[in-house]
Amino acid sequence: MNTMQRILNTLFQAGLKLALVVAFMLCNSLFLRAQTFTYRVNYRFDNATLDRNYMQNAQTLASLDSMIAANSGNLSEIEIVSYSSPEGNYSYNRNLSVRRAVAMQRYLTATYPELKDKVSVNPGVEAWDMLRENVVADTRLSENARRSILEIIDGNAAPDAKESALKALPEYKSLYSRYFRSLRYAEFALRIENSAISAADNADSTISEGQDTTATATSGEGQATTGTATGATETSGTRTSGANVPGIQYATGEDFIRPDYMDNAAAMREIRRFFSSNDVRSLTIVGVATPDGPASLNESLALRRAQNLADYIIGMFPEMEGRINVVSAGENWSGLRSAILGSDLFTDAEKDELLAIIDSNETPDRKEVLLKAHPAYGRIESDIYPVIRSASFGNIEIEGADQAAPVQPADTTATIPADTTATQPADSTHAGLPGVAGGSTYVPVVTSRPREYTTIAAVKTNLLYDAVTALNVEVEVPIADRFSVMVEDVFPWWETGNKYCFQYWEMGIEPRYWFNSWDSRGSEKLRGFFAGPYLMSAKYDFQNDKEFNYQGEHWSAGISAGWCTAIGSRKRVNLELSLALGFLSTRYRNYLPMDDYSKLIRNPYKNGSAEYFGPTKAKVSLVVPINIPRRGEEVYHD
């Protein structure tokens, strides 16, 4: 009887779990609303042809294709809205906008014939609203100039009359060069049903860096809200909001929350208050990284930041599991552009130069190189990057009344200093939560995520030395962002028949500065350009029969510079090229072998010292990084 009861209990529990899973799936399909993801492509002047190589179009179309491929079964609608810049005849621009939208429609239906009936076209004519946003944000304009421009834009005159009035302003030339290139665009708005499931499955897909709208909800014809939703949009039984929920800021290269970093303490309180007072049915979290370091690494880092914020929310509110979409927006070029445009840290000329780099057709990594070469880069790195390195909220759908639940503004006056002596985080209400610095009491159930690695050292050999049988080994250890220490040992030690000898023992040390920043926890370290001082010392014994016979010691100091890059498809091995320039001092002693080579006789007339300044080392080194699995790479669930 006891055995039968156990069997019945087991069957009952299994049936109950199955019923709960089915009920969850039904509720998910009934109550989780659709999400809209927006992508933007740009056009050349007076052109309706889609050019993949123009501005950020290549990255945008790759991300668009990835999203459609991952969610083709859940796509309910794709709306195309196109614009032209407000220059030239309004009627001509209306036709131009139509041609741009139709070109996008043809691209989609040719690439995905099954979506033919789901694509709609909605030309938006001239982009006056976008022009207005740029004018409002641009601190280079005087108040009088801004007021004059906005009076024209907001006036009741016809579009052609507005254009004529703008052209009469002395600021028109600068307005044209700063803004108009970005006003010629078309947007794809993808509506994905049950996106809490479909987008989560597609969490590895990335939104293009060059967009102004990374995960947005369209709010009407010819108008899209950028970034996060700008208010509460009423839908049947749900409310969509996002702007009044603060995001989390991240330190360089980090994907975990520091409560004492910037305004995170206040943001964490507001997030907790918001989710405590609202029945959130679904939400999207968008992670971004600054364009500093390899673009491929930053895409992964942005996704980890979005997942980190999602894990933090699930740790406090377990019922949110399965309702959060995490999206990587990669490098935050659009945020960088807006921040530079609205900052008073740069002169007008500097803004024009920086925006020209950001809007160029160069690859993201090439843009980074150009930015770092600009004299204003130090201000970008110290004042702009910390602001745009974040994970923020996109669409938040709330079940309930038509009016949004009140969300108190963030308490920006209350700051919690970092306690360097305590083991708990600054905000004790979040102690132990996953992804929060200092957390230790939360015990999660762990499921797997693709493992990532961090480089702790690299082992090298100089192929030029190896070619002449001068065996050698080098070990380099990264010690901080952009800094490493390399030690080397050269040790050929052989002789043949008392006629030939090649004995050389050298040891050296070389601190290095790397010009490319790297993720402090990643596997892209020790790559790029470097420079640093070196110091080495050696002893030697060289014999070539009776022609060349010397023993001695030397030391050398100077500057070494070089470049290291990954080779091979898997990037598991690096190739390093370097050259050193320095001062070398040596003391030497000459000797002569006896006729039968049984003994060596020192020559007292050929002893001395020598000094030299010039190239001292040349290297073509094979580098093998030593990587270990990164800590904290699991997905936490309650």
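Could you tell me which of rounded, prolate or oblate describes the range 332-385, using a ≥ b ≥ c as the square roots of the eigenvalues of the alpha-carbon gyration tensor, with rounded for a/c under 1.5 and, failing that, prolate when a/b is larger than b/c and oblate otherwise?
Here the range 332-385 falls in the rounded category.
Sorting check: for 46-58, 81-93, which peptide has the highest mean count of neighbouring beta carbons within 10 Å, and how do the rest follow?
Sorting 46-58, 81-93 by mean packing, highest first, produces 81-93, 46-58.
Taking every Cα atom in the range 533-589, find the radius of gyration and the maximum pairwise distance Dmax, and write them in Å.
Considering the range 533-589 through its Cα atoms, Rg and Dmax are 17.2, 50 Å.
Rg (Å, one decimal) plus Dmax (Å, integer) for the alpha carbons of the range 269-372?
17.5, 51
In whole Hz and in residue order, list the ³J(HN,Hα) couplings for the range 337-352 that follow from phi through the Karplus curve 6.51 cos²θ - 1.76 cosθ + 1.60, θ = phi - 60°; x for Gly and Pro.
Values per residue, Gly and Pro as x: 4, 5, 5, 5, 4, x, 9, 9, 7, 10, 6, 4, 5, 5, 4, 4 Hz.
Note down the nm distance, to one decimal, between modelled labels 7 Å out along Cα→Cβ at Lys167 and at Ala531.
Computed distance between label sites Lys167 and Ala531 equals 5.0 nm.
Solvent-accessible area per residue for the range 81-155 at a 1.4 Å probe radius, Å²? Walk me through the numbers on the way to the answer.
Details: 3490 Å² over 75 residues.
Here the residues of the range 81-155 average 47 Å² of exposed surface.
Can you return the lysines within cross-link range of Lys167? Criterion is Cα-Cα under 29 Å, with same-chain partners fewer than 8 residues away left out.
Qualifying lysines at Cα under 29 Å: Lys351.
Could you tell me which of the pairs Lys499/Lys619; Lys499/Lys546; Lys372/Lys619; Lys546/Lys599; Lys546/Lys617 are separated by over 18 angstrom between their Cα atoms in the structure shown? Write down the numbers at each step before the final one.
Values: Lys499/Lys619 29 Å; Lys499/Lys546 8 Å; Lys372/Lys619 27 Å; Lys546/Lys599 12 Å; Lys546/Lys617 28 Å.
In this structure, Lys499/Lys619; Lys372/Lys619; Lys546/Lys617 lie more than 18 Å apart at Cα.
Assuming R0 = 45 Å, what is the FRET efficiency of Glu362 and Arg273, from their Cβ-Cβ distance, to the nearest 0.05?
0.55
In square angstrom, what is the accessible area per residue of the range 533-620 with a 1.4 angstrom probe?
61 Å²
Determine the distance separating the Cα centre of the range 306-323 from the Cα centre of the range 145-161; give it in Å without decimals.
46 Å
About its Cα centre, how strong a charge dipole does the range 36-159 have in debye, to the nearest 20, once Lys and Arg get +1 and Asp and Glu get -1 at the Cβ? All intermediate terms of the calculation are to be shown ahead of the outcome.
Working: 13 positive and 15 negative charges, 55 e Å.
Using Cβ point charges on Lys, Arg, Asp and Glu, the range 36-159 gives about 260 debye.
Go through Tyr534, Tyr504, Phe515 and say which Cα lies farthest out towards the positive end of the charge dipole of the range 489-554; charges sit on Cβ, +1 for Lys and Arg, -1 for Asp and Glu.
Of the candidates, Phe515 comes out farthest on the positive side.
Suppose we look only past 21 Å in the calculated P(r) of the range 454-529. What percent of the Cα-Cα pairs does that tail hold?
40 percent
Between Arg106 and Phe613, how high is the FRET efficiency from 1/(1 + (r/R0)^6) when r is the Cβ-Cβ distance and R₀ = 56 Å? Nearest 0.05.
Efficiency, from the Cβ-Cβ distance: 0.25.
Over the alpha carbons of the range 45-120, what is the largest minus smallest coordinate on each principal axis, giving the biggest first in Å?
Here the spans come out as 42, 26, 17 Å, largest first.
Going out from 0 in 5 Å bins, what whole percent of all Cα-Cα distances in the range 486-580 drops into each bin?
3, 11, 16, 16, 14, 12, 10, 9, 5, 3, 1, 0
Which FRET efficiency value, to the nearest 0.05, is calculated for Tyr605 and Leu577 with the Förster distance at 60 angstrom and r the Cβ-Cβ distance?
On the way: r = 42 Å, r/R0 = 0.70.
Here the calculated transfer efficiency is 0.90.
Pop a pseudo-label 7 angstrom from the Cα along the beta-carbon direction at both Lys539 and Ala251 and give the gap in nm to one decimal.
Each label point is offset 7 Å from its Cα along the Cβ direction, giving 4.6 nm.
Would you calculate the separation in nanometres between label points at Glu77 and Tyr92, each defined as 7 Å from the Cα along the Cα-to-beta-carbon direction?
Between Glu77 and Tyr92, the label points sit 3.4 nm apart.
Which ³J(HN,Hα) values in Hz, rounded to whole numbers, follow from the phi angles of the range 177-191 under the Karplus curve 6.51 cos²θ - 1.76 cosθ + 1.60, where θ = phi - 60° and Gly and Pro get x?
Ordered by residue, 3J(HN,Hα) equals 5, 7, 10, 5, 4, 7, 8, 9, 8, 9, 10, 9, 9, 9, 9 Hz.
Which residues in the range 348-362 place their backbone N less than 16 Å from a point set 7 Å from the Cα of Trp563 along the Cα-to-Cβ direction?
Of the residues in the range 348-362, none has backbone N under 16 Å from the label point off Trp563.
Contact order normalised by length for the range 522-617, with contacts defined as Cα pairs under 8 Å and 6 or more residues apart; what percent is it? Let's see the in-between values first.
Working: 194 pairs, mean separation 23.5, N = 96.
Contact order relative to length: 24 percent.
The values are calculated or read from the model by the stated rules, or taken from the named source; none is laboratory data. Bear in mind the structure is a predicted one, so any value in this text is a computation, not a measurement. Positions of Cβ are generated from backbone atoms using ideal geometry, with glycine treated the same way; all protein chains shown enter the neighbour counts. For accessibility, only protein heavy atoms count, side chains too; no ligands or nucleic acids. Shrake-Rupley method; radii C 1.70, N 1.55, O 1.52, S 1.80 Å.
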